[in-house]
Amino acid sequence: MGMIECVTRTLCKAAGQSENSVCQGKPMWRAYEKSARIVLEAMREPSLEMLAVPQVDWKVAAVNWNVMINAALDPL
């Protein structure tokens with residue numbers, strides 16, 4: 001399962017919906033895909049709390065973080 005689907009299913013469940021019920025011919029969780037993408041886009045830049053972690057070299061980690069977010073948004 002890709003990250004978009006994982007986040008989408010989680011948002012669906014959090015809204016109290018049955019993720020596998022059908023709405024307009026599609027599983028209900030698919031209705032949350034736009035919201036999932038918005039959530040992942042919001043995570044594109046690390047927060048100040050994340051940047052404050054002393055054990056992390058953020059010059060390297062920031063590049064990796066963005067590559068992973070990009071991969072989540074546009075999987076191969």
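Only a single item in (1) outside any helix (DSSP H, G or I); (2) in contact (Cβ under 8 Å) with a residue 24 or more places away in the chain is not met by Ile4, and it is number (1).
Looking at the stretch 43-76, which of its residues are over 23 Å from Gly2 (Cβ atoms) and among the basic types (Lys, Arg)? Lys59, the sole residue that qualifies.
If you go through the stretch 35-61 and keep only what is touching a helix residue (DSSP H, G or I) at 6+ places or on another chain (Cβ under 9 Å) and either closer than 20 Å to Lys13 by Cα or among the polar types (S, T, N, Q) (or both), you end up with Ser35, Ala36, Arg37, Val39, Leu40.
Contact map, the stretch 14-40: first residue closer than 19 Å to Met3 by Cβ and among the small types (Gly, Ala, Ser), second residue assigned to a strand (DSSP E or B) and at pLDDT below 95, Cβ cut-off under 9 Å, separation 6 or more or different chains; pairs are Ala31/Cys23.
The values are calculated or read from the model by the stated rules, or taken from the named source; none is laboratory data. Nothing here was measured: the structure is a model prediction, and the numbers come from that model. Don't worry about glycine lacking a Cβ; one is built from the backbone with ideal geometry, like all the others, and counts go over all protein chains shown.
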